[in-house]
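Scroll down for the structure; my scribbles are underneath it.
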Amino acid sequence: MTLHAFCSQRIATPDGIRSAVILVEGETILAVLPRDQVPGAAHVTDFGDAAILPGLVDSHVHFNEPGRTEWEGFATGTRAAAAGGYTLVADMPLNCLPPTVSVDALEAKRHAARESSLVDWVLWGGVVRDNEQHIEPLAIAGVPGFKCFLVDPAIDGFTMVSESGLRAALPHIAKTGLSLLVHAELPGPIEAAVAELSGADWRRYETYLRSRPDEAELTAIRMLLALCREFRFPLHIVHLATSRAVDMLRSAKAEGLPVTVETCPHYLIFSAEDIQDGATFCKCAPPIRSRQNRERLWQALREGVIDFVVTDHSPCPPQMKRLEEGSFRSAWGGIASISVALPVMWAEARRRGFQLTDIARWMAEKPAKLAGCGKSKGKIATGYDADFVVFDSEKEFTVTVDRLHYRHPVSPYLGQTLTGVVRKTYLRGECIFTDGQFPCNRTGRECVARP
């Protein structure tokens, strides 16, 4: 079997940035060596000063297949992922039809992913009203964990779960030992806020922001932490938007509760003050909050209270964004960004003094662990899959439609100038993206959970 040696002056390893060589045999990293120890028989590719990061991992995407492939689909979604430097994605159990809330539905989605995914993948199971009997069979069938909503997700086929519903499901979830990923907003504060907005102008972003108050997240997280304390299950808070929850999450971690937290690029980049009225391409739930809130989220990421960053890539047909109407009330809430998330994050992170090793931890190592693949994905280290991204961290580019690659090129990042270009993406030793092209027909495969 041919040995391949991939060289760079800057390789992001678990031990820091190194001038080194990644020695690859087949699909696996054989070793990470000093540059003067390359075996003579190895085929050498030298990337010079371009950085090499571990293949990125996005543990929160919505590819909507089967059933809503016109929204995205594995073929287009994973091409965009590869273009963004991602080599593993974890698809959420809603937006597809049927939703992934039973073993039969899981198998239907597996078939779709096997047929057309360019990168490796895992599939979350869903917890909805009255599906407790499906939780343990889904775990046996191989899901790495479960996702639920505490508020109506506004999508047919996936119901929200009340506290009583959670109490019925949690003994089963705790028995599996798998994580429960929760969209943490409770409906009570939202309903009360909306009731006070009678006659408000829904083209104004301020109206939408008032309709999803911080208290919806805060009351949900308080309830979840109490349930975590009672049932001792691994709890994961998805897309944290309010910094007002950071103190209680910090305390919960100090207490030893098994809690992890993610946020998304759009909460770290944008602020409510900068979103123009009618700019529905910025609508997401929970909403993008204030500039001060954004700064506190960055601090929580610095401290490790927020563990990592995922995209929550949530596309839809453009007409669902109500771009002409500009109504935040009727527009679909979701931001698609998987193809540009790395430069989006890097451009802002470097300005704040962070390093490429921080990016590797936030966008590869930690989400790989949540997705159950932490022993094969997310690091450049011996025995790991030969997944990595060649990243020109100094080069600037402007985000244009041709760089997005997903099905519907709607993005709040269009027109922005970013720093950092993904030059190549390697999946298990083979180049799947290079300078805007997709050179191979390899299909990704399901990552076997090895937490």
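For region 361-378, how many residues are outside any loop (DSSP other than H, G, I, E, B), of a type in the set (A, V, I, L, M, F, W, C) and crowded, with 24+ Cβ neighbours inside 10 Å?
First, pick out the residues of region 361-378 that are outside any loop (DSSP other than H, G, I, E, B): 361-370.
Remaining after also requiring of a type in the set (A, V, I, L, M, F, W, C): 362-364, 368, 370.
Pick out the ones that are also crowded, with 24+ Cβ neighbours inside 10 Å and you get 363-364, 368, 370.
Total meeting the criteria: 4.
Restricted to region 81-103, and to residues there that are crowded, with 23+ Cβ neighbours inside 10 Å and part of a helix (DSSP H, G or I), the residue that is nearest to the chain's Cα centre (by Cα) is 81. Among the residues of region 53-75, the one identified as assigned to a helix (DSSP H, G or I) and open to solvent by less than 10 Å² (accessible area, probe 1.4 Å) is 74. In the condition set (1) surrounded by fewer than 20 Cβ atoms within 10 Å (Cβ to Cβ); (2) touching a residue at least 12 places away in the same chain (Cβ under 8 Å); (3) among the polar types (S, T, N, Q), residue 280 is compliant with all but (1). Could you tell me whether any residue of region 104-112 is in contact with a helix residue (DSSP H, G or I) (Cβ under 7 Å, 6 or more places away or on another chain) and either part of a helix (DSSP H, G or I) or surrounded by 18 or more Cβ atoms within 10 Å (Cβ to Cβ) (or both)? Yes; the residues of region 104-112 include at least one that is in contact with a helix residue (DSSP H, G or I) (Cβ under 7 Å, 6 or more places away or on another chain) and either part of a helix (DSSP H, G or I) or surrounded by 18 or more Cβ atoms within 10 Å (Cβ to Cβ) (or both). Of the residues making up region 195-206, at least one is open to solvent by 60 Å² or more (accessible area, probe 1.4 Å), part of a loop (DSSP other than H, G, I, E, B), basic (Lys, Arg) and at pLDDT 95 or above.
Residue-by-condition table, conditions (1) at pLDDT below 95; (2) small (Gly, Ala, Ser); (3) closer than 19 Å to residue 91 by Cβ; (4) buried (at least 18 other Cβ atoms within 10 Å of the Cβ):
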{"residue": "138", "(1), (2), (3), (4)": "no, no, yes, yes"}
{"residue": "144", "(1), (2), (3), (4)": "no, no, yes, yes"}
{"residue": "149", "(1), (2), (3), (4)": "no, no, yes, yes"}
{"residue": "167", "(1), (2), (3), (4)": "no, no, no, no"}
{"residue": "171", "(1), (2), (3), (4)": "no, no, no, no"}
{"residue": "185", "(1), (2), (3), (4)": "no, no, no, yes"}
{"residue": "209", "(1), (2), (3), (4)": "no, no, no, yes"}
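(1) assigned to a helix (DSSP H, G or I); (2) surrounded by fewer than 18 Cβ atoms within 10 Å (Cβ to Cβ); (3) touching a Gly at 6+ places or on another chain (Cβ under 7 Å): which one isn't true of residue 78, the others all being true? Every condition holds for residue 78 apart from (2).
For region 4-20, the criterion of being in contact with a Pro (Cβ under 7 Å, 6 or more places away or on another chain) and modelled with pLDDT of 95 or more is met by at least one residue.
I'd like to verify a number: residues in region 34-43 that are more than 33 Å from the chain's Cα centre (by Cα) and either outside any loop (DSSP other than H, G, I, E, B) or of a type in the set (D, E, K, R) (or both), how many? It would help to see each step written out before you state the result.
Initial filter on region 34-43 (more than 33 Å from the chain's Cα centre (by Cα)): 35-43.
Still in the running and either outside any loop (DSSP other than H, G, I, E, B) or of a type in the set (D, E, K, R) (or both): 35-37, 43.
Number satisfying all stated conditions: 4.
Considering region 417-441, the residues that are open to solvent by 60 Å² or more (accessible area, probe 1.4 Å) and in a loop (DSSP other than H, G, I, E, B) include one that is nearest to residue 347 (Cα to Cα), namely 435.
The single condition from (1) within 27 Å of the chain's Cα centre (by Cα); (2) without any contact (Cβ under 8 Å) to a residue 12 or more places away in the chain that residue 209 fails is (2). Residues that are without any contact (Cβ under 8 Å) to a residue 24 or more places away in the chain and more than 28 Å from the chain's Cα centre (by Cα) do occur in region 1-19, at least one of them. Scanning region 113-137 for residues that are in a strand (DSSP E or B), of a type outside the set (Asp, Glu) and over 13 Å from residue 63 (Cα atoms) gives 125, 126.
Right, residue 211: of a type in the set (Ser, Thr, Tyr) and closer than 29 Å to residue 322 by Cβ or not? Full working, then the answer.
Working: of a type in the set (Ser, Thr, Tyr): yes; closer than 29 Å to residue 322 by Cβ: yes.
Against the criterion (of a type in the set (Ser, Thr, Tyr) and closer than 29 Å to residue 322 by Cβ), residue 211 qualifies.
Against the list (1) out of contact with any Cys (no Cβ under 9 Å at 6 or more places or on another chain); (2) part of a helix (DSSP H, G or I); (3) buried (at least 21 other Cβ atoms within 10 Å of the Cβ), the condition residue 296 fails is (3). Looking across region 211-240, the residues that are open to solvent by less than 10 Å² (accessible area, probe 1.4 Å), under 13 Å from residue 151 (Cβ atoms) and part of a loop (DSSP other than H, G, I, E, B) come down to 238, 239.
The values are calculated or read from the model by the stated rules, or taken from the named source; none is laboratory data. Quick caveat, the model's predicted, so the values are computed rather than measured. Here the Cβ is made from the backbone with ideal geometry for all residues, glycine too, and neighbour counts use every protein chain on show. The accessibility values were calculated without ligands, DNA or RNA, using every heavy atom of the protein model including side chains. Shrake-Rupley method; radii C 1.70, N 1.55, O 1.52, S 1.80 Å.
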